[in-house]
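The values are calculated or read from the model by the stated rules, or taken from the named source; none is laboratory data. What you are looking at is a predicted structure, and each value in this text was computed from that prediction instead of being measured. Counting neighbours? That spans all protein chains shown, and the Cβs are built from the backbone with ideal geometry, glycine included. Accessible surface is based on the protein model in full, side chains and every heavy atom, while ligands, DNA and RNA are left aside. Shrake-Rupley method; radii C 1.70, N 1.55, O 1.52, S 1.80 Å.
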Amino acid sequence: MPSLRLTGRGMWITALLVPPLAFVAMFIVYPIISAFAYAFFDWNGLARGEFVGLDNFYKVLFTEPYASWTRNAFGHNVLVFFALMVLQNGIGFILAYCLWRGLPGARFHRVAVFLPVVLSTIIVGYLFKLFYHPLFGVVNISLKAIGLGFLAQPWLGQASTALWALIVANAWHMVGFPTLVFLAGMQRIPGEILDAVRMETESEWTKVTKIVWPLVAPSATVVFTLLFVGAFNWFELPYVMVGLDGSPYGSTDVLGLYFYRTAFGNQSSAAQDFGAGSALAVLIFLFVAVLASILTTRLRAREIQI
Amino acid sequence: MTTATATKAASYDRPGLLSTLGRDGLIQVILWANTFIMLAPIVIMVFSAFKTNAQIFASPFSVPDFTHVGNLTKIWTQTNFLRYLLNSVIVTGSSMALILVLGTMAAYAIGRYEFKGSGFILMFFLAGLTLPLKLAIIPLFILMRDFGILNNQLSLILVYVAMGLPTTVFILTGFIRTLPNELEDAARMDGASELRIMWSVMLPLVRPAMVIAAIQNVVPIWNDFFFPLVFIQNDNLKTLPQGLTSFMGEYTTDWGVLFAGLTLSAAPIILIYIILSRQFINGMTAGAVK
Amino acid sequence: MKKRNLLRLGAALSGLLMAMPALAQELTFWSWRQEDKAVYEELIKTFEAQNPGITVKFEAFEATNYNTILSTAVAGGTGPDLMMVRAFGGLETIASGGYLMPLDNTKIPALADFSPAALAAETMRSDQTLYAVPFASQTQFVIYNKAIFDQNGLKEPQTWDEFIKLAEDLKAKGVIPFANGTATAWQNETIVGALVSSIYGRGFYDDLMAGKVDFNDPRYVDALAKLKDITAYFPDGFIGLDYPSAQQLFTSGMAAMFAGGSYEIANFRAQNPDIQLGVFAAPGIKADDEKLVAIYFDGGYAANAKTAHPEAAVKFLNFLASKDFGQVFANKLNNISTVPGVTFDDPLLGEVAELNQHSIPYLMLVHFRYGEPSGSVLLQGEVQKLLDNQTTPAEIGKALTDGLANWYEPFKK
């Protein structure tokens, strides 16, 4: 390939690169850096006040009421991550395996499993909110119809069930994605390896655990990392289904809702606080970025070993 | 059908027909159960759109009288549904166009030319992949205010383009790198300019990757709710997901109309998906599978 | 010759163009009352007829998002010329940024006759400046379906025990006593104000304001216990029942009572024009305990400090403070207007106004929304816990006091 020269070609390459770079610089890099900077100031509405150093961070992490809200929300995100890991990625792997077997109808099932994924989170949120309604929702009506009426409860109104109701809705929405990513990974396993395995053992279980699972490690890396990022940035689904305050009494509060509420205000609360909001955003971002990198590196290392 | 399954299975494992059918049977059960779970809510949603409140509460699973289109017409004529749909089309379309143009430019530069810093620039774009732009909403909000485009669809388009470039550049660069050199060299020897080469020779070859990049971006942009929530207050400028919250709020007690609203909002993307399912699946998982 | 004519024409046109903004001024007016749109537009037509050259465009947003939408718009420089704003703490959010035009008796002479309490609701404490023309007071009490009561021979209860018995009777007859659901957070606050104000009583309120007691006081704790008792008569699964569904239960006649605010009257009548409504104050323990309702000022009309048409905006505010407006506001929108001298055609509103003579403020909204955590948010969360059997009234008293102690001076030890 030709190399860079000052005239003509150099200009041409620059002309190609500058517009896209400008976009990314102005609308991604600059805002993210600003978000970091804003956290160090005091804010009056949208008017920037004076430099306050680490005060906002301290407030959000250590002073009440923020400290317990932060811990509460964070704890919920952790729960959501592990729950979805099982319900989304776990089931996704199983479904991918089932599809991989190539039984009749696989193509139809593949289309069906991915259909919920293309829907907007808003649609999924409202749909399930209607389904979970204690008096008129399909879930409770069905339970009563098949004689399990005692199980019918106000799913979104109780702390014990609200977060899980959201998790189930999310799993329904998104399980198609890890399914197809794992499937693609499985389809890339070279035929020779599979044939060799078949010579060695007849056990499907051995084949799956010892061969398939390690070989789809690249897919697993992607799916795990994306789930991690998604679980900690969760916002639209809880916003639509339970509202900005993480009703009932904060049991569905997650970092995304908490951040938005702090920065932009809420119906019954006092003033908004961009300083605290920005500090929260920075902390969330650092946490997710650092852990996602660690996660990816370790998972990648696992890939190479094979 | 049994014979075909048996033959296929025989090429996989030694064990006899019975345990194979057992395992395959279990797999079919799992798949059908899953498909049912995936589709049932959507089917209930569509059915309920044709029912009255009383019918929904009494028999939620029954097949409705599909001529009863009152709920759908209510959404169609009495709310701003068409306007929201149009806004979504405009915003998504413009964003897609810009993403493809800019993304191709960058990917072409990085992928076809070797120069110092090309690796770094690629990294720069890829870093954008992991950054959740939502958390920078405050500075973005202030930036849009300073540009005077708050409450203007341009603010959405600019943000979506910036968000869509990293994955697009990633996908296209990978693809462009694999294109053969011969055509390019030949054209260069004929004295064609770089622009000519890119436009007439290389771009037509990149089209399949562009389709993938397009699909990868279309769905998140079409479905996005967060940025319109913050940037757009004017009802006439709202996109479909955001507008959906308006009529969900307006008709809270009329469940038939609510389901009709959800059905109409989901219809465009469901229809397109069913027609183009293979491209969709390829497109949306492309970035994830290397 | 031609050139001179051309010049004259040009001058005339440009003169006309320059004058046009002064002639036709369009003001934008934002509100959270989507339900009231039609009436406001009627009122605006009256104003426009009286003030040619000024047009007003009314835009309404969902109430739960309104505060956020307004503050982001105003801060972003795309805010409206005129807007409805909340009162008390809710006002300060917007006013403290300097976004609102200060108002006084010279700008709006009618303000001189407004009640001091109404004006105080729209005055920012730090600079003692008025920023909005108050529009209505709202009352939290019990609204009931007259037809159901008459059919079952029921009367307004005089003591708490009678109240419970009333609910029992209704339940026995297959009618849901209360329509209320508490899945929507702010409904947990309204039921406190509506149902147990008479239980904690005026004595508690006065002592609280004087700084003598806090929320650990037995009167308040006992009130919360009574609240828990009466929720036994809420619908099944009420903790998962959201606000619109609860309203629906009441308007459809499936439930007899709704513990809520006077703003519901207009909603209920719109959802079911045939419904006959009655109101009463939830009783205290003994028959001679003062029967109290919880009152607060809902909001006001304010002008944007940076509006391009300040005089037109002030003209409109004067219209909103006038008796003509107040009358239509009261009669067509079923609100207790704060404009002095307004009479109520609707006997129900007359009843509400009478009940207001025996009232104490709607505690959290009025006094405790000035800092984080706001008293409202705390109370809503705690009551949800109480109704889900996760806490006790005594613990709530402590949680409220400790939470508010973060910023409320009298509670700081």
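Brief remarks follow.
- Averaging the sequence gap over all C-alpha pairs within less than 8 Å and six or more residues apart, then dividing by the number of residues, gives chain A a relative contact order of 26 percent.
- Label sites at residue A:294 and residue C:405, each approximated as a point 7 angstrom past Cα along Cα to Cβ, lie 3.6 nm apart.
- Note on the range A:56-304: dipole from Cβ charges, positive end direction compared against A:276, A:264, A:221; the farthest Cα belongs to A:221.
- Highest-MSF residue in chain B out of B:156, B:122, B:21 [GNM, Cα springs under 10 Å]: B:21
- Chain B - percent of accessible surface contributed by carbon and sulfur, probe 1.4 Å: 69
- Treating each Cα of the range A:56-304 as an identical point scatterer and summing with the Debye formula, the log10 of I(q)/I(0) at q = 0.12 Å⁻¹ comes to -0.82.
- Entries in C:146/C:286; A:59/C:306; B:51/C:228 that, when Cα-Cα distance is taken, lie over 26 Å: A:59/C:306; B:51/C:228
- For the range B:150-208, the fraction of C-alpha pairs more than 17 angstrom apart is 55%.
- Antiparallel DSSP beta bridges within the protein assembly as shown, percent to nearest 5: 65
- At R0 = 56 Å, FRET efficiency that the Cβ-Cβ distance of residue C:324 and residue A:187 yields, to 0.05: 0.15
- Principal-axis analysis of the Cα atoms of chain C puts helix C:63-75 at an angle of about 40° to the longest axis.
- For chain B, complete DSSP H runs whose alpha carbons reach 18 Å or more along their own long axis and whose mean Kyte-Doolittle score is 0.0 or higher are B:17-48, B:81-112, B:118-130, B:153-177, B:203-223, B:255-275.
- Cα-based helix-to-principal-axis angle, C:375-387 vs chain C, degrees rounded to 10: 40
- For the range A:56-304, size of Cβ-based charge dipole, Lys and Arg +1, Asp and Glu -1, in debye: 240
- Estimated buried accessible area (total), pair C and A, 1.4 Å, Å² to nearest 100: 2700
- Over chain B, Cα pairs under 8 Å with separation of 6+ residues give a relative contact order of 28 percent.
- Cα pair distances of the range A:160-265 binned at 5 Å [whole percent]: 2, 11, 16, 15, 12, 11, 9, 8, 7, 5, 3, 1, 0
- The calculated FRET efficiency for residue B:126 paired with residue A:50, based on their beta-carbon distance and R0 = 60 Å, is about 0.95.
- 25 °C / 0.890 mPa s Stokes-Einstein diffusion coefficient of chain C, Kirkwood radius on C-alpha pairs, µm²/s: 107
- Of the trypsin sites (Lys or Arg not before Pro) in the range B:42-146, the ones in a loop by DSSP (not H, G, I, E or B) with at most 12 other beta carbons within 10 Å are B:116.
- Within the accessible area of chain C (1.4 Å probe), percent carbon and sulfur: 55
- The range C:170-213: C-alpha gyration tensor shape, a/c 1.5 cut-off, then a/b vs b/c: oblate
- Exposed loop sites are taken as chymotrypsin sites (Phe, Trp or Tyr not before Pro) in a DSSP loop (any state but H, G, I, E or B) with at most 16 other beta carbon atoms within 10 Å; the longest stretch of chain B without one runs B:67-290.
- Rounded to whole Hz, the Karplus (6.51, -1.76, 1.60) HN-Hα couplings of the range A:220-228, x for glycine and proline: 4, 4, 4, 5, 5, 5, 4, 5, 4
- All aspartates and glutamates inside 13 Å of residue C:412 as judged from Cα atoms, apart from same-chain residues fewer than 8 positions distant: C:214, C:402
- Listed by chain and number, the aspartates and glutamates placed with their C-alpha closer than 14 angstrom to that of residue A:144 are C:236; residues fewer than eight positions away on the same chain are left out.
- Residues considered: B:265, B:62, B:48. Largest GNM mean-square fluctuation over chain B, using C-alpha springs under 10 Å, is found at B:62.
- Reference-scaled alpha-carbon Rg (2.2 N^0.38 Å with N residues) for the protein assembly as shown: 1.04
- Helix C:37-50 and the longest principal axis of the Cα set of chain C meet at an angle near 40°.
- Over all pairs of different C-alpha atoms, the range A:210-298 has a mean inverse distance whose reciprocal, the Kirkwood radius, equals 14.8 Å.
- Highest-fluctuation residue, B:110, B:30, B:149 considered, GNM on chain B with Cα pairs under 10 Å: B:30
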